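One structure below.
The values are calculated or read from the model by the stated rules, or taken from the named source; none is laboratory data. Owing to the predicted nature of the structure, the values given are computational and were not obtained by experimental measurement. Because the Cβ atoms are built from the backbone with ideal geometry, glycine has one as well, and the counts that use them run over all protein chains shown.
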Amino acid sequence: MMALRKYTWIGLTAARSNLAYLSEVAARTVFLAVILYIFLRLWQVTYGDTGATQLGGLTLPQMLWYLVMTETLTLSAPRVAPEIDQDVRTGALAVQLIRPLSYPLARLWSTLGERLVRFGLNLVVGAAIALLLVGPIAFSAGGLLLFLLALPCAFTLDFLGQFLIGMGAFWLEDTSGLLLIYSRITMILGGMLIPLELFPQAVQPWLRALPFSSIIYGPARMFVHPDAAFLRDLIVRQGLAIVVLSGAVALVYRAGIRRIHANGG
Amino acid sequence: MLKQLTNYLGLVAAYTRLNLNAQLEYRGAFISQVVAMFLNDGVWLVFWTLFFTRFPVLRGWTINDVITLWAMTASGFGLAHAIYGNVLPLAGLVAQGQLDVWMLYPRALLPHILLGRMSASAWGDALFGYAVYLVFVRPDLQHFGLFVVLTLSAALLFVGFGVLTGSLSFFLGNASSLADQWRFAMVTFSTYPAVLFDGAIKLLLYTLVPAGFVSYLPVQALRELSPWYALLALAGALGVTAMGVLVFYLGLRRYESGNLMEMRG
Amino acid sequence: MANSNPIAVQLENLSKTFELRSGWGRNRIRRAVIAVDGISLTIPAGQSVAFIGPNGAGKSTTIKMLTGILHPSAGQAQVLGYTPWRERRELVRYIGAVFGQRSQLWYHLPPRDTFELLARIYSLDRGSYVRRRDTLIERFGLGEFLHTPVRKLSLGQRMRAEVAASLLHAPRVLFLDEPTIGLDVIARQELRDLILEWNREEGVTVFLTSHDAGDIERVARRVIVINHGRVVLDDKVSALRRQYLGSKILSVKFHAPPAPIVLPGVTTLKASEYALKLEVDTRATPIEQVMAEVLRAGAVADIAIEDPPLEEVIAHIYAGGSAPEVAAGDHKHA
């Protein structure tokens with residue numbers, strides 16, 4: 001109980017300190033407005049040319065809201081890996097070891113706090129633009145609840161991926177390249193620009209099995225198309241991925257700590 | 001006239017060599033920036049490939065046309081900022097009174113100051129553009145020659161537009177963020193087929209956000225091997241540049257009068 | 001024309017008024033601020049001039065007008081026969097500038113690369129550039145670090161390369177803004193000697209601003225003090241030295257309590273059991289004589305001779321031309 005309160009407090013502090021992020025919202029508005037308008041046109045033309053009312057199971061307004069959500073998810077990702085990389089290199093991680101805290105857990109909670117704020121702000125901007133462009137789609141309280149359930153695991157998964165990359169600093173001269181590759185792969189294979197249903201049939205099962213789609217595609221799909229069965233599937237996938245990645249994080253983290261103990265940080 | 005031109009080209013070559021040498025002092029960082037940009041552009045290539053696999057034609061445009069468009073924008077943008085890298089921070093340079101030192105050289109101010117820096121990632125864009133055009137479009141010699149000429153026109157357009165937006169600082173104080181966003185809109189629109197837009201937005205693409213001079217006219221020129229479209233693209237680039245130069249020198253008068261915000265001392 | 005003019009710099013009633021705006025909408029206030037208020041000066045070719053004054057006195061505004069960066073609100077100026085703000089691009093071929101805070105050397109590249117680029121920028125012809133460069137390399141002692149990236153040079157080496165770079169196109173007037181800032185004593189002295197040498201041998205007109213009394217004493221022959229945009233003093237440095245820089249501050253520490261020191265022109269500023277701080281008017285008693293007396297007074301542990309801080313000297317000039325506070329004890333000048 002005490003432990004939970006401790007980590008919650010860490011998360012809240014991180015959330016508060018990121019309210020300064022508000023100043024970036026204006027710039028974000030231009031960014032999202034331009035991107036979303038262009039995508040609206042792209043899909044309007046595509047729906048029009050093909051004469052379809054649904055593509056990949058989504059109507060045109062749903063498609064735009066799907067993109068609002070994938071952009072929001074992508075833009076709200078805190079850059080955890082570089083911070084962890086720095087902690088390793090500067091020895092701040094070694095200093096953390098003497099505190100009565102688990103470093104990975106403290107990081108996880110502060111990341112979740114930061115992400116919550118960023119996610120909220122970006123969503124407000126993105127939703128406003130989408131309302132202006134295509135109006136609302138059918139939202140229900142139950143559907144939103146299902147969507148919210150898909151978020152925590154998605155955020156955690158992304159955190160674990162970034163944490164692993166940051167830990168790379170123990171062995172690699174530079175981890176920014178890894179992070180870049182990770183983020184681009186997440187964009188493509190996670191379905192940021194185009195929903196998984198529109199990928200070639202043959203690759204779709206593979207993409208669903210990979211964790212990237214559980215970070216972006218899954219929650220975004222839940223947002224425009226709430227579905228209890230889909231959610232159950234998604235959470236099982238997310239859960240499995242979290243178990244596997246947590247195991248990897250534990251291994252790598254322990255190996256890193258051994259290096260600190262051996263080399264003195 | 002010719003002598004002046006060769007003299008200036010000599011200066012351009014000297015600056016480019018020096019800028020490149022300075023970048024190569026940190027070879028690893030330089031290469032990773034170039035590779036990062038290459039990868040970044042690659043994401044879009046994948047997106048468009050996926051898109052056209054599912055929907056082979058977009059208002060008469062095929063995947064080849066869109067790849068040509070991407071190649072054009074990337075190499076034009078890359079060329080512009082690999083050589084005239086000081087276009088990007090121009091708004092800040094003006095606002096911070098950093099034109100002073102450049103005014104102490106016996107050279108025309110604007111074409112000189114723009115040479116002062118090189119954007120490393122711009123090399124990634126330039127390489128990506130030419131490589132993608134050669135590898136995916138497989139042009140004959142004639143097309144490739146026209147492509148190269150048109151990328152020069154696109155580069156001129158980006159430089160002229162950057163000067164125009166950067167010069168806002170002469171009139172508005174530090175306009176860095178406004179210039180960045182305006183430039184972002186320009187670059188983003190130049191990476192999507194202009195055929196997506198009609199009406200007011202289409203008008204916008206040849207005026208306030210002159211992306212049409214890179215995203216439509218050059219591609220059309222290459223599709224039809226049409227000198228007419230090529231000339232229109234070039235005329236647009238020249239027009240935007242003339243506008244930028246005019247605004248810059250009008251602004252410079254304010255700068256020289258010293259009534260530009262915080263430039264006393 | 002630039003090479004034969006006997007007058008390097010001429011200002012006539014040069015003035016600059018800035019308009020400051022603050023607030024928005026109805027609260028918007030416009031206020032005129034006079035930065036330079038009718039300065040008139042003539043500097044003959046080949047002279048070295050120190051241009052000093054407190055921050056905000058109008059120094060840099062004046063220099064910006066002389067180099068053509070700023071246009072004046074009123075008055076005239078000619079530099080080497082050119083009107084700077086009208087003929088800037090012609091003029092800047094014949095002037096050089098060194099700003100202590102703002103380097104023109106490429107930080108990540110060796111000085112040699114910057115020299116090559118400057119030859120391009122000034123369109124110097126190859127033969128005379130190479131001769132000029134080699135002379136500068138030899139005289140400024142740049143040989144040993146010519147191929148080392150600037151970021152790896154000491155500040156002293158960097159400033160030497162900086163000044164050499166600004167002399168590459170053989171300017172007739174050299175503007176130096178705080179050239180010795182941050183340098184140690186030896187590097188400072190070296191740089192002063194080089195500037196002086198160039199001034200004497202090549203006849204380059206030197207226009208120097210500095211907060212360092214040593215720079216002014218050793219490099220300049222004439223000193224112009226400005227405050228509130230006006231010239232408050234324009235005199236030979238030797239006169240300034242006689243009137244204001246004639247005193248030295250002597251700090252001595254002894255191993256045992258010293259005997260009292262009584263000499264004409266020597267005032268005790270501070271005294272404790274083992275230490276003395278004396279102010280010496282060197283016109284009344286030469287510094288050597290005071291030193292001898294100090295050594296007789298007791299076993300000396302440590303001794304230091306300093307100039308009175310320039311700020312104090314200048315503060316007194318502003319106050320109305322009397323001698324500095326520290327020197328005001330027992331003598332008054334006419």
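Hydrophobic (A, V, I, L, M, F, W, C), assigned to a helix (DSSP H, G or I) and without any contact (Cβ under 8 Å) to a residue 40 or more places away in the chain: does that describe B:Val35? No, not satisfied.
Of all residues in the range B:144-181 being under 21 Å from B:Leu217 (Cα atoms) and more than 13 Å from the chain's Cα centre (by Cα), which is nearest to the other protein chains (Cβ to nearest Cβ)? Result: B:Phe147.
Only one of the listed residues (B:Ser176, B:Ser167) is under 25 Å from B:Gln96 (Cβ atoms), of a type in the set (Gly, Ala, Ser) and at pLDDT 95 or above. That residue is B:Ser167. Of all residues in the range B:95-106, at least one satisfies being away from chain C (no Cβ under 14 Å), under 28 Å from C:Tyr107 (Cα atoms) and either in contact with a strand residue (DSSP E or B) (Cβ under 9 Å, 6 or more places away or on another chain) or buried (at least 20 other Cβ atoms within 10 Å of the Cβ) (or both). Residue check: B:Tyr84 meets all listed conditions (1) more than 30 Å from A:Pro200 (Cα to Cα); (2) modelled with pLDDT under 95; (3) crowded, with 16+ Cβ neighbours inside 10 Å; (4) not charged (D, E, K, R) but one, namely (2). Looking only at the range C:30-57, which residues are surrounded by fewer than 15 Cβ atoms within 10 Å (Cβ to Cβ) and part of a strand (DSSP E or B)? The answer is C:Arg30, C:Arg31, C:Ala32, C:Val33, C:Ser40, C:Thr42, C:Pro44. Residues of the range C:57-90 that are at the interface with another protein chain (Cβ under 9 Å from one of its Cβ atoms) and among the aromatic types (Phe, Trp, Tyr): C:Trp85 alone.
Considering the range A:129-144, and only residues there that are in contact (Cβ under 8 Å) with a residue 60 or more places away in the chain and part of a helix (DSSP H, G or I), the residue that is surrounded by the most Cβ atoms within 10 Å (Cβ to Cβ) turns out to be A:Ala130. Given the options B:Thr151, B:Thr165, B:Thr188, name the one that is polar (S, T, N, Q), in a helix (DSSP H, G or I) and touching a Lys or Arg at 6+ places or on another chain (Cβ under 8 Å). Unique residue meeting the criteria: B:Thr165.
I'm trying to understand the selection: among the residues of the range B:22-60, which are farther than 26 Å from A:Met192 by Cα and surrounded by fewer than 16 Cβ atoms within 10 Å (Cβ to Cβ)? Reasoning before the result, please.
Looking only at the range B:22-60, we keep the residues that are farther than 26 Å from A:Met192 by Cα, and these are B:22-31.
Scanning the range B:22-60 gives B:Leu24, B:Glu25, B:Tyr26, B:Arg27, B:Gly28, B:Ala29.
Of the residues C:Arg172, C:Arg192, the single one that is under 12 Å from the mean Cα position of the chain (by Cα) and among the basic types (Lys, Arg) is C:Arg192.
Yes/no per residue for (1) surrounded by fewer than 16 Cβ atoms within 10 Å (Cβ to Cβ); (2) among the hydroxyl-bearing types (Ser, Thr, Tyr); (3) more than 14 Å from A:Ile137 (Cα to Cα):
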position	(1), (2), (3)
A:Ala52	yes, no, yes
A:Leu55	no, no, yes
A:Thr74	no, yes, yes
A:Arg79	yes, no, yes
A:Arg99	yes, no, yes
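C:Gly53 - would you say it is closer than 24 Å to C:Ile195 by Cβ, at pLDDT below 90, of a type outside the set (A, V, I, L, M, F, W, C) and in the same structural domain as C:Trp198 (by TED's automatic domain parsing)? Yes.
Taken over the range B:146-177, residues that are surrounded by fewer than 18 Cβ atoms within 10 Å (Cβ to Cβ), touching a Leu at 6+ places or on another chain (Cβ under 9 Å) and farther than 17 Å from B:Tyr216 by Cβ amount to 4.
Considering (1) at pLDDT below 95; (2) in contact with a Leu (Cβ under 6 Å, 6 or more places away or on another chain), the lone condition that C:Phe145 does not fulfil carries the number (1). Between C:Val206, C:Val232, the distinction of being touching a strand residue (DSSP E or B) at 6+ places or on another chain (Cβ under 7 Å), under 16 Å from C:Ile43 (Cβ atoms) and β-branched (Val, Ile, Thr) belongs to C:Val206 only. If the condition is being in contact with a Lys or Arg (Cβ under 7 Å, 6 or more places away or on another chain) and more than 10 Å from chain C (Cβ to nearest Cβ), then the range B:13-39 contributes only B:Leu39. As a summary of the residue check, B:Arg117 satisfies the conditions (1) more than 8 Å from every other protein chain (Cβ to nearest Cβ); (2) touching a residue at least 60 places away in the same chain (Cβ under 8 Å); (3) closer than 30 Å to B:Phe136 by Cβ except for the one numbered (3).
For residues that are assigned to a helix (DSSP H, G or I), more than 8 Å from every other protein chain (Cβ to nearest Cβ) and aliphatic (A, V, I, L, M), scanning just the range A:32-56, find the one that is nearest to the chain's Cα centre (by Cα). Restricting to residues being assigned to a helix (DSSP H, G or I), more than 8 Å from every other protein chain (Cβ to nearest Cβ) and aliphatic (A, V, I, L, M), the top hit is A:Leu32.
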